[in-house]
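Take a look at the structure set out below.
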Amino acid sequence: MSKDEFESKDEGEGAGGDQPQASPDITKLGKLLAGPMDVRSFMLTGLFVLALLAVIYAAKPVLVPMVLAILLAVMLGHVVRWLRYELHMPSGVGAAIVLATLVGVFGLAAYYLSTPATTWLQDMPQEMREMERKFRGLKERVEGLREASEQVEAMANDNGDEDAVDVRVREATITPFLLGQTWYIGANAFLTLGLLYFLLAADDLFLVKLVRVIPKFANKKLAVEVVHQVQSDIAIYFLIITLINAGLGVAIGTAMWLLGVPNPLLWGIAAALLNFIPFGGAIIGVLAVAVVAAANFDNVGYILLVPAVYYTLTTIEGSFLTPMILGKRLVLNPVVIFVSLIVWGWMWGIPGIFLAVPIMSAIKITCDNIEPLRVVGEFLGR
């Protein structure tokens, strides 16, 4: 196939261009997976999948910072390339500037967030006592039911106190937990930032090596186009999601301020971060502001208004704004989102919950730009 014929074919298929892409063809995936399929091959495939999941689960301390660094490198790689080609800045210097800017932004956010977060932690015991006072009547009813249950249990117990179990409760301290988490977060941040710098400084090094090992010119050109399109789509996707979550945080923080909720800046930033967790993030935010409203307000209607406003804003964002801005091509199937949260949360805990949607989105975008895998991207999409 000549170069002109290849370019004509490439334009017709729309490999990442503006031309409409053809419908995914499952036969192409079948050709990719063509081979002898018997009981032995199915068993080997199943064992391979189980082994892969076990490795991903066991390698959490290493893989979490690596995956986060790769995602950040894909997002920020365009900035480094712009500094290199437009300002003629070496990739290492550009990577250092981008990394310093990123650390500075997160440092400023942590600095301004530390005061309201500390204030809220200091006021939390008082707020809990205030809630206990307001709901004392309900508590007394619950205590009455508990005492009645204990009396019934005592009447049913024929052995009296002979089988009583001596229970000793040790007072738990949060200091060792916080120290352990601080060390864990610091180590992961160091690994992530270090790998991120080298990935940004490498620029197109791995792409150049990939082109060298591909024999045919047509395949070289296609590989470059696919890689650039995948990087562009992933970067645009995460940029839009970040901007949407930031806008939601501003909206919720402003709403909390107008409603008179203490520490509105804290709840705005928390809403922006929690919105990276589909479904569960909104529920956690609604429950949190409901507790704060119950502790600070006396009117029942006003207490219910605060979580209702939070829920309304998150619903508008999730049901209307995000699908409208991203379009169906970049929006994941809700079933895929829910299953990915379960799987990645089980394997990697809280970091896995935050990374579940970014990982699946990157997989979908990659499949959409590789012809034989478009059928997989079709099933992952909405």
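What's the extension gain from Phe279 to Leu102 if we count 0.36 nm per residue and subtract their Cα-Cα distance?
Roughly 60.9 nm would be gained on extension.
Give the long-range amide H neighbours of Gly381: residues separated by 5 or more places, or on another chain, with amide H under 5 Å away, using H modelled in the peptide plane at 1.01 Å from N.
Asn333
With labels modelled as points extended 7 Å from the Cα through the Cβ direction, what inter-label distance (nm, one decimal) is found for Phe338 paired with Gln122?
According to this spin-label approximation, the distance is 4.4 nm.
Hey, rough spin-label estimate for Ile236 and Trp183, points 7 angstrom out along Cα→Cβ, what's it come to in nanometres?
4.6 nm
Between Met89 and Val208, what is the spin-label point distance in nm, taking each point 7 Å from the Cα along the Cα→C-beta axis?
2.0 nm
Can you figure out the FRET efficiency of Tyr112 with Leu193, using R₀ = 22 Å and their beta-carbon distance, to the nearest 0.05?
E between Tyr112 and Leu193, to the nearest 0.05, is 0.60.
Could you report the stretch 186-324's accessible area per residue, 1.4 Å probe, as an integer in Å²?
Values: 7070 Å² over 139 residues.
Counting only protein heavy atoms, the per-residue value for the stretch 186-324 is 51 Å².
Starting with the highest mean, order 344-356, 50-62, 83-95 by the number of other Cβ atoms within 10 Å, averaged over the residues of each peptide. Don't skip to the answer; put the middle values down first.
Details: 344-356: 18.7, 50-62: 11.8, 83-95: 14.8.
Answer by packing, highest mean first, reads 344-356, 83-95, 50-62.
The values are calculated or read from the model by the stated rules, or taken from the named source; none is laboratory data. Only a predicted model underlies this, so the values are computations on that prediction, with no experimental measurement involved. Please note: Cβ atoms are built from the backbone with ideal geometry, for glycine as well, and neighbour counts cover all protein chains shown. Ligands, DNA and RNA are stripped out before the accessible areas are found, and what is left, the full protein with its side chains, is counted by its heavy atoms. Shrake-Rupley method; radii C 1.70, N 1.55, O 1.52, S 1.80 Å.
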